[in-house]
Amino acid sequence: MKDRFLRALNQQPVDKTPIWIMRQAGRYLPEYRATREKAGDFLTLCKTPELCCEVTMQPLKRFDLDAAIIFSDILTIPDAMGLGLSLQEKTGPVFSRPIKSFNEIKALPIPDPEQDLGYVMDAIRLSKKALNNKVPLIGFAGSPWTLAAYMVEGAGSRNFTKIKKLAYSNTEATHMLLTKLTESVTLYLEAQISAGADAIMIFDSWGGILSTDAYQIFSLNYMRLIIQKLAKYKIPTILFTKGGGLWLESIAETKCTAVGLDWTTDISVAKNLIGDKVALQGNLDPAIMLTTPEIIAEEAKKILDRFGRGSGHVFNLGHGITPEVPPENVEMLVSTVHSYSESFHGQES
C-alpha cells in the first residue's frame, strides 16, 4: 500500500501501521558515509541535488519504509540569510555571523526559495522522479523559534541563555526575527510542496526549552501561522516539538494533521488527549536502537499495544536515529512494526 503513510496521517484505514525514521538517510548507513565522503563535506552534500537524491533513496533501497524524507538540514534558511553556516564534526552547526543586534535582525533578507534555496527544490524534483510513486516524499523545515535559537546562539547550546535573554528582554526584536523567519519558512515549504513534497514536517527541536507561556508566545503561535498558510494545499502537516509533551492539546489546536511525540510521552495518554483531533507520530526512544534486535522488537510492540486498534498512528523514533545504530536493527524495527501491527487494523472480529 504505497499511500499507507498518507492514509494514516489522515486517520483513514490502513492494512498495517506505517513507519519511517527521523534521520533515516544518515550516518548509520555505510552507503551514506561513502556518499558524504564523495561530496567532501556535509554542506556540499546538502547543496548537490543529485547527491541529495542519492542519499534520500538509500534507506528505501534497504528497508521497507513507508515514506522518504528529503535529505537536507533545518538550517538552510539561516544559511541563505547570510549567517555563514558550517557543520563541524564534533560541535555540530556553527554560524560565523550570529545575530547580535536589532539592526542585524532588521537587515536580514527573506530568502527566495527557488533562487537562494533552489538546490533543495531540485533535490525534491529528482527524488520524486526516483521514487516513481513508490512511497510519499516528506518535505520539512525548522520552526521559527528553533531557527532563531541557532541564529542568536551561533551554535547549539546547553542552556540557550542568549536567545532566552533576547526573548524576555527585547520582545520587539524577538518578534521581528520570528516574523521574518515565519515568512521565510512558509515560502520555503510552499516551494517544497510545489516541487512535489507529499507531506510537510516542522521540526521544533528547541520549543521544549521554553516555559509554557513562552512556548505559546514565541514558538507555537508562529507555527500555527505556518500551518494556516499551508492549509490551502490540502497536504498533511506534522508538527514535532521535542519536549512538547505537556502541550499536546495546544499543539493539536493548530490544525496540524499529526503531532510528533518524543519518547518521554506515553502514546496512550496522547491518544486519549488528542487522538480524535490528529494523527500521532512516534515514539520509540532512539537509544533502544543501540540494543539488540530482540529488545527492539519487544519495545516496538509495547508502543503499538499502547496505541491500540485503529488508524492514525505513524510509527517513528522519538527523535533522530543515531550514527552508531547497526542497520540490521533498523530492519528488525521495520519488519516488527509491519507484522505485529496487522492485528490492530482491518475488520473488528
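The values are calculated or read from the model by the stated rules, or taken from the named source; none is laboratory data. Computed from a predicted structure; not experimentally measured. So basically every Cβ, Gly included, is an ideal-geometry build from the backbone, and we count neighbours across all protein chains shown.
Here are the numbers for the structure shown:
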item: Check on Leu225, closer than 26 Å to Leu60 by Cα and within 18 Å of the chain's Cα centre (by Cα); result: no
item: Unmet requirement for Asp64, which otherwise passes all of (1) within 29 Å of Trp206 (Cβ to Cβ); (2) touching a Ser or Thr at 6+ places or on another chain (Cβ under 8 Å); (3) charged (D, E, K, R); result: (1)
item: Candidates Asp213, Asp204 - the one that is buried (at least 22 other Cβ atoms within 10 Å of the Cβ), of a type in the set (D, E, K, R) and at pLDDT 95 or above; result: Asp204
item: Unmet requirement for Ala258, which otherwise passes all of (1) more than 21 Å from Leu147 (Cα to Cα); (2) small (Gly, Ala, Ser); (3) surrounded by 18 or more Cβ atoms within 10 Å (Cβ to Cβ); (4) out of contact with any Pro (no Cβ under 8 Å at 6 or more places or on another chain); result: (4)
item: Selection status of Val325, in a loop (DSSP other than H, G, I, E, B) and touching a residue at least 24 places away in the same chain (Cβ under 8 Å); result: yes
item: Criterion: at negative phi, surrounded by fewer than 21 Cβ atoms within 10 Å (Cβ to Cβ) and assigned to a helix (DSSP H, G or I) - qualifying residue of Lys106, Lys100, Lys134; result: Lys106
item: Every residue from segment 68-96 that is of a type in the set (Gly, Ala, Ser), under 24 Å from Phe240 (Cβ atoms) and over 14 Å from the mean Cα position of the chain (by Cα); result: Ala80, Gly92
item: Selection from segment 169-198 of residues that are of a type in the set (S, T, N, Q) and either assigned to a helix (DSSP H, G or I) or under 17 Å from Asp79 (Cβ atoms) (or both); result: Ser169, Thr171, Thr174, Thr179, Thr182, Ser184, Thr186, Gln192, Ser194
item: Check on Val55, aliphatic (A, V, I, L, M), farther than 30 Å from Ser343 by Cβ and either buried (at least 18 other Cβ atoms within 10 Å of the Cβ) or in contact with a Cys (Cβ under 8 Å, 6 or more places away or on another chain) (or both); result: yes
item: Verdict on Ala68 being under 27 Å from Ala231 (Cα atoms), in contact with a helix residue (DSSP H, G or I) (Cβ under 8 Å, 6 or more places away or on another chain) and surrounded by 15 or more Cβ atoms within 10 Å (Cβ to Cβ); result: yes
item: Near pairs, Cβ below 9 angstrom, 6+ apart or cross-chain, from segment 31-57 (without any contact (Cβ under 8 Å) to a residue 40 or more places away in the chain) to any residue that is small (Gly, Ala, Ser); result: Tyr32/Ala25; Tyr32/Gly26; Leu45/Ala39; Leu51/Ala39; Leu51/Ala123; Glu54/Ala130; Val55/Ala25; Val55/Gly26
item: Counted residues, segment 218-246 - those being farther than 23 Å from Trp20 by Cβ and touching a residue at least 40 places away in the same chain (Cβ under 8 Å); result: 5
item: Residues located in segment 222-253, provided they are surrounded by fewer than 19 Cβ atoms within 10 Å (Cβ to Cβ) and in contact with a Phe, Trp or Tyr (Cβ under 9 Å, 6 or more places away or on another chain); result: Gly243, Leu246, Ser250
item: Contacts under 9 angstrom Cβ, first residue in segment 253-269 being in contact (Cβ under 8 Å) with a residue 60 or more places away in the chain, partner small (Gly, Ala, Ser) and assigned to a loop (DSSP other than H, G, I, E, B), 6 or more apart; result: Ala258/Gly312
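Rundown of residues vs (1) in contact with a strand residue (DSSP E or B) (Cβ under 9 Å, 6 or more places away or on another chain); (2) modelled with pLDDT under 95; (3) over 22 Å from Arg27 (Cα atoms), yes/no style:
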| residue | (1), (2), (3) |
| --- | --- |
| Ile296 | yes, no, no |
| Glu299 | yes, no, yes |
| Val325 | no, no, no |
| Leu333 | yes, no, no |
